[in-house]
Every structure is written in C-alpha cells, then in structure tokens.
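The values are calculated or read from the model by the stated rules, or taken from the named source; none is laboratory data. The structure displayed is predicted, hence computed values, not measured ones. Every residue, glycine among them, receives a Cβ derived from its backbone with ideal geometry; neighbour counts consider all protein chains shown.
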Amino acid sequence: MAGPTTAERQKAASGGSRPPRPPRSRVRLPRTRTLVLSLIALVLIGAGSVWLLYGSQWLRVERVTTSGTRILTPEEVREAAAAPVGAPLVSVDTEALEERLRKKLRRIDSVDVVRSWPHEIALNVTEREPVLLIEKGRKFVEVDADGVRFATVGHAPKGVPLLELTPDQEKAESSLRRFGSDRLRRESVRVAGALPEAVARDTRVVKVRSYDSISLELRGGRTVAWGSSEKGRTKASTLTALMKAAPKARHFDVSVPTAPASSAS
C-alpha cells in the first residue's frame, strides 16, 4: 500500500489549518438622518443668502459716487446713469449703466461701473480729449483723436487747433471725389493726434487742401508742411529734431521725413 503523498504530509505537519485571511475593511455610509440634516442646512444657507442679497435692507444701493470728470459735472453723470437707488446692490446691471452713460453723454470715452459693498455704486469716468475744432456758425465742434465729434461748445478751448478745410482748386474735385470731405477731416484728425506735445500746444490751425497737402499754422507766424497723414510718428520725430536744429526758422517741411527742410522766410 502506498504511503502518504508529500502534500498530505505537509498538511498533517501544519495541523490541517489554513492561514487566516486579512480582515476586510468596511466603508461606513452616513446614516439617512445625517444626510437629511445636511441637505436641510444647505437649503437654509442658500435661502438665507438669497434673502440677504435681494430681500433684506442691508445690501441696497444708497449712494452713487463719480470720479474722473473734468468738463462734465458729477450731477450730470449721476443723472444720466439713473442708477436704481434703493434696489438690491447685486441686481444692478453695470453693463447697462455703462452703455447708457456712453449713449447719453458723448463726451465720455470710457466708464467703469463698480459695485462698492455694501451700499455704493461708483462711476469711474474718462472724458474724451479734443484734438481739433470744427467751426460751425458761432460755435465749435470738438473732435477727439478717434475722429468722434462729441460736443459743441460756445467758446474754443485753449490749446486746441481749428480745422480749415480749404481744398486746392486744382485738386479739389479729384480729391473730394476720391476721399470725400469726411475722409479729409479724418486725415486731419490723424495729423493732429500725431503732433508732438510741444507742437500741438502751439498749433493754431490745421489746414487741409487735399489728402496729401496738410499744413499747420503755429503761433508766431510759423508754418509746417506736413503732407499726408501717413508716417505720422516719423514726421513728428523729424519735426522735433528740425526745430531744435533750426530754432530761428519760420517754415518747416516734413512732408518727406527722410528729406526735411526749414527756412527763415
């Protein structure tokens, strides 16, 4: 009779017992009561926040402040904005206020409407700067560097040149037909916007005879032949250097900035 096998002998030696298995970890799920209480707490917090923002008297618009005005008055800006005083601060449509201000007050270039918690709306205004004046009857239309006609005033502001559109008879028909008076005005605005600060302060008139014949009349009887509005920055730098090199000159020509000229008469 055959004896026990090797496996049977090993099993007998170990007493016939198997090695213990490691205990299984159990994930304890929260009880239903805890879940319900948590949900109720979240609902109450949400409802309280909504009531605080929209229903309470604590976070409502009480003041409207302005900043950045120069010509406009704070009262004009606040009246045009028509901010809903007394309304919940969170409900104020800031983009609608900005659009309303730009539409009603063309002098405003940009505006930033800010909620200032807990009770204030702040209107931060940037006004347009005139670079040219267009004479209209006995009044003057202010034009900014973008060509926007934003205001009509009774008195010409100091330091802002007057536009004179006086087409050359020989070139008038072709120039006006090709570019139009509005285009020529825009070109003059580009020239005025490119002037060096010191020259801009001394410029009395920007005279436009054609697209490529724009000139400046400065204080003291000095003149500048500018040409077209193209290469404005280069012409500005050239004019500044030319004026320093010939301080007693009366006439300057930067229409071709690579070949500038000046003369005393």
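The table below lists the values:
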{"read-out": "Residues of the stretch 107-126 classified as of a type in the set (Ser, Thr, Tyr) and closer than 18 Å to Phe150 by Cβ, total", "value": "2"}
{"read-out": "Given (1) surrounded by fewer than 19 Cβ atoms within 10 Å (Cβ to Cβ); (2) modelled with pLDDT of 95 or more; (3) among the β-branched types (Val, Ile, Thr), number of the condition Val224 does not satisfy", "value": "(1)"}
{"read-out": "Enumeration of residues in the stretch 129-144 that are closer than 20 Å to Val199 by Cβ and crowded, with 20+ Cβ neighbours inside 10 Å", "value": "Pro130, Val131, Leu132, Leu133, Glu142, Val143, Asp144"}
{"read-out": "Failed item, numbered, when Ala192 is tested on (1) farther than 27 Å from Ala156 by Cα; (2) of a type in the set (A, V, I, L, M); (3) modelled with pLDDT of 90 or more", "value": "(1)"}
{"read-out": "Residue check, Thr94 touching a strand residue (DSSP E or B) at 6+ places or on another chain (Cβ under 8 Å), at pLDDT 95 or above and over 30 Å from Ser213 (Cβ atoms)", "value": "no"}
{"read-out": "The lone exception for Thr126 - which of (1) polar (S, T, N, Q); (2) at pLDDT below 95; (3) surrounded by fewer than 18 Cβ atoms within 10 Å (Cβ to Cβ) it fails", "value": "(2)"}
{"read-out": "Candidates Ala200, Ala261, Ala241 - the one that is within 15 Å of Leu163 (Cα to Cα) and small (Gly, Ala, Ser)", "value": "Ala200"}
{"read-out": "Where Ala80 falls short, out of the listed (1) hydrophobic (A, V, I, L, M, F, W, C); (2) without any contact (Cβ under 8 Å) to a residue 24 or more places away in the chain; (3) surrounded by 17 or more Cβ atoms within 10 Å (Cβ to Cβ)", "value": "(2)"}
{"read-out": "Residue check for Val208: assigned to a strand (DSSP E or B), at pLDDT below 95 and either of a type outside the set (Ser, Thr, Tyr) or farther than 19 Å from Gly147 by Cβ (or both)", "value": "yes"}
{"read-out": "Selection count where residues are assigned to a loop (DSSP other than H, G, I, E, B) and either in contact (Cβ under 8 Å) with a residue 40 or more places away in the chain or touching a strand residue (DSSP E or B) at 6+ places or on another chain (Cβ under 9 Å) (or both), scope the stretch 235-265", "value": "11"}
